[in-house]
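The values are calculated or read from the model by the stated rules, or taken from the named source; none is laboratory data. Predicted model, so just to flag it, every value in this text is computed and none were measured. Cβ: placed from backbone, ideal geometry, glycine included. Neighbour counts: every protein chain shown.
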Amino acid sequence: MRGVAITGLGIVSGLGVGAATHLTALRAARSGLRPLSLFSLPGLPVLPVGEVDEELIRGQHPSRSVALALLAARQAVAGHALAGEGLVAVGTTTGGIQESEQHYLRHRGQEGRPDRQLLKHHPAGAIADVLASEFALGGERQTFSTACSSSANAIGYGAACIRQGKPWALVGGVDSLCRLTYAGFHSLKLLSSEPCRPFDLHRQGLSLGEGAAFLLLEDEDQARSRGASVLARVTGWGCTSDAHHMTAPHPEGRGAMEAMTAALADAGVEASAVDYVNAHGTATPANDRAEALALAALFKPPGPLVSSTKGSTGHTLGAAGAMEAVFCVLALGAGFAPSTAGLTEPDPLLSLRHVPPGGLVAPLDVALSNSFGFGGNNATLVFARAAP
Amino acid sequence: MTVSILGLGLVAPGVEDAFRVRTLPELADGSAKRLTRLERMALVAAQRALANEGEMPDLALVFGTGYGALAATAEFLDGIATRGAAFGRPIAFQQSVHHSPAGQLSILLGSHGPALTMTAREVSGESALKVGMTLLDSGRSDRVLVVAADEWTESLAAGYRSFECPQALSLGEGAAAVLLGAVPGALSVERCTLTAHPCPVLRFATREQLRPLLLEGASGVGSVSISAASDEVLKAETWGLADLLPAPARFIDSDFGFHASAGLLRLVAAATRVQASPVGSACAVHGVALGGGQSMTVVRHVRT
């Protein structure tokens, strides 16, 4: 997958808003996790989450997910006029359920007409519709909903469409914190009582987060001919299924390894060329173990630098793949591998070359980002530093 | 490239069933017992499309759904509302995820290829078809099973009712499956175009917006399956096709009702009709979605 240029970035998370803010936060190994304040659920503990500061999106849109998506997408587009029939591809797990679940809990499936505005953006596909209207974009709209790999697949598909001739693709993902996922992950006993600690010996589980990230993709020659700054390139996409279990990964990370292998083949690079891996790294015992096994099977020692940025943002579900794509682009551009916030005592059973605390300044040419989801879905993206 | 249809599957309401799937066949596979109704509809359609195929471990799956497992979502929310937030049923949460049917299909079919779930309101089936064709075209798989399913629930019906728009929707449910391959076959998907128009989120595009793709897609084909999603859309489709000469035959597969996956059900119906017609026959299947989405898919009988 050569020649797909990334020419715009936008991001909002519990760390703040904008690429520069996030790079600064990653350099400082700052965590954006704090006690949940967006809503309360009596009977459940108030756990640390990556919650977006309300001031950043106040009054932007009645739907929290749409507001987050608009904020990130505007940064990615940055006023550029997108001509021709391109693609808007969004990844999301729950779309506008932050509002529609309030309607349901009040009216329990009845019409509840006085509150009907809460239902207006329930369909996950509505986010892409609003984005397209905001930027007056015609053409194809797609919404990927493959759980926690949603936006990684949106980016991969967007890059594939650029290779097939589309002039541009606005790709990314969004998810907001909501009662359904908070209570749902609690019911699965996957939430950590403390800020999550990916790959740590004492990891307990994940911390939820919210946010959005978008990337503007263009054909590289076309982007350079219009004088656009090429921030990095998307070079590979691989997606596979474990076909094993709905909520547990394959114990040896078989599907994960196959996704990474497929992505590297798509990029036309050897595993030895990978300098940095932004791992899925949710901090659940089973996920981290399976991913570590897959990485160890694919990369010969010492292997690439590995970190998980979920210790900083929390697990933002459908937005995670796009956020971590942005982090890979920032890492490649800055020559800086971010460390894993919350990792203080690496699990000795996981054979990984962790980025040292505080991060590492190093020339990085190729980065790989993993996103795995419910249903045994695995997606891997490969990014390359932009040629000067 | 060639995109052939190698298998078709359908789970649709009967003519007298008021747009609801009243009966589903028993599934022989014991592991399918815990599936939700939505997942069972999807699996039955998938098995029908794969009836003539052996094991395909590299099969790619693309699942389309507009609303996913709303019944499971409601069950989980009912649980936390009635028993307390700490007592939501984990299985209902897992099943509420849009990707759950695709995950179940990959497990039950033993497929390790890509598995994607697409959601695009009322053109979710067409959205899945388009992505499936791209997977084939980019060489990521040589067989792609496209499945789409949506279920009728009282809360969804209440949601549509609460907005009183658009008028005269017949909310239905069902599932369809299309096995695609990059090898010669009797039927081909000649093209699948997805586009969208600036439009309020609870409205369809205007007749002026819909007309160009309608005309482009229906030119040179003998028949058109129009969506007739509402009275207003039916009028727009009739108006949009009025100047086409020679006038194509028009089909309205209204027995399927209106739902997010209905486009793929109509495609299966169109493919079945075309296959029963002489080689060279084609049908253009038109789809519309609230929020401005529009699709046009052309299926052709290419060889006996």
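Would a scan of segment B:85-98 turn up a residue that is facing chain A (nearest Cβ under 7 Å), of a type in the set (F, W, Y) and closer than 24 Å to A:S187 by Cβ? Yes. Scanning segment B:17-33 for any residue that is of a type in the set (A, V, I, L, M, F, W, C), surrounded by 18 or more Cβ atoms within 10 Å (Cβ to Cβ) and within 11 Å of chain A (Cβ to nearest Cβ) turns up nothing.
Of all residues in segment A:107-120, exactly one satisfies the criterion of being closer than 16 Å to A:Q60 by Cβ and facing chain B (nearest Cβ under 7 Å), namely A:K120.
Examine segment B:69-82 for a residue that is in contact with a strand residue (DSSP E or B) (Cβ under 8 Å, 6 or more places away or on another chain), within 9 Å of chain A (Cβ to nearest Cβ) and among the hydroxyl-bearing types (S, T, Y), and state whether such a residue exists. Within segment B:69-82, none of the residues are in contact with a strand residue (DSSP E or B) (Cβ under 8 Å, 6 or more places away or on another chain), within 9 Å of chain A (Cβ to nearest Cβ) and among the hydroxyl-bearing types (S, T, Y). Here A:Q117, A:Q110, A:Q102, A:Q164 are screened, and the one residue that is under 20 Å from B:L135 (Cβ atoms) and surrounded by fewer than 24 Cβ atoms within 10 Å (Cβ to Cβ) is A:Q164. Of the residues making up segment B:105-144, those that are more than 7 Å from every other protein chain (Cβ to nearest Cβ), of a type in the set (A, V, I, L, M) and in contact with an Asp or Glu (Cβ under 9 Å, 6 or more places away or on another chain) are B:L105, B:L108, B:L109, B:L136.
Among residues of segment A:36-48 that are touching a residue at least 60 places away in the same chain (Cβ under 8 Å), those with a Cβ under 6 angstrom from a residue that is part of a loop (DSSP other than H, G, I, E, B) and surrounded by fewer than 19 Cβ atoms within 10 Å (Cβ to Cβ), sequence gap 6+ or separate chain, pair up as A:L36/A:V46. Checking each residue in segment B:16-35 for being more than 15 Å from B:S261 (Cβ to Cβ) and in contact (Cβ under 8 Å) with a residue 40 or more places away in the chain picks out B:D29, B:S31, B:A32, B:R34, B:L35.
Meeting the requirement of 2 or more residues that are surrounded by fewer than 22 Cβ atoms within 10 Å (Cβ to Cβ), the helices (runs of 4 or more DSSP H) wholly within segment A:276-388 are A:285-298, A:320-334. Of the conditions (1) within 7 Å of chain B (Cβ to nearest Cβ); (2) in a loop (DSSP other than H, G, I, E, B), A:S193 satisfies every one except a single condition; which number is it? Of the numbered conditions (1) within 7 Å of chain B (Cβ to nearest Cβ); (2) in a loop (DSSP other than H, G, I, E, B), the odd one out for A:S193 is (1). For segment A:206-248, a residue qualifies if it is within 14 Å of another protein chain (Cβ to nearest Cβ) and at positive phi, and exactly one does: A:A243.
For B:D243, the conditions (1) crowded, with 20+ Cβ neighbours inside 10 Å; (2) in a loop (DSSP other than H, G, I, E, B) are fulfilled apart from (1). With the structure loaded, tell me whether B:R211 is away from every other protein chain (no Cβ under 14 Å), closer than 14 Å to B:A289 by Cα and over 20 Å from the mean Cα position of the chain (by Cα) or whether it fails that test. Taking the combined requirement at face value, the residue does not satisfy it.
Only one entry of A:S133, A:S187 meets the criterion of being under 14 Å from A:A67 (Cα atoms) and out of contact with any Ser or Thr (no Cβ under 6 Å at 6 or more places or on another chain), and that entry is A:S133. Count of segment B:146-162 residues, restricted to those that are facing chain A (nearest Cβ under 9 Å), in contact with a Leu (Cβ under 8 Å, 6 or more places away or on another chain) and free of Cβ contacts under 8 Å to residues at least 12 places away in the same chain, is 2. Does segment A:133-145 include one or more residues that are modelled with pLDDT of 95 or more, crowded, with 19+ Cβ neighbours inside 10 Å, farther than 30 Å from A:P35 by Cβ and more than 8 Å from chain B (Cβ to nearest Cβ)? No; the residues of segment A:133-145 include none that is modelled with pLDDT of 95 or more, crowded, with 19+ Cβ neighbours inside 10 Å, farther than 30 Å from A:P35 by Cβ and more than 8 Å from chain B (Cβ to nearest Cβ). Only residues that are in contact with a strand residue (DSSP E or B) (Cβ under 6 Å, 6 or more places away or on another chain) and either of a type in the set (G, A, S) or in a loop (DSSP other than H, G, I, E, B) (or both) were counted across segment A:53-77, and they come to 5.
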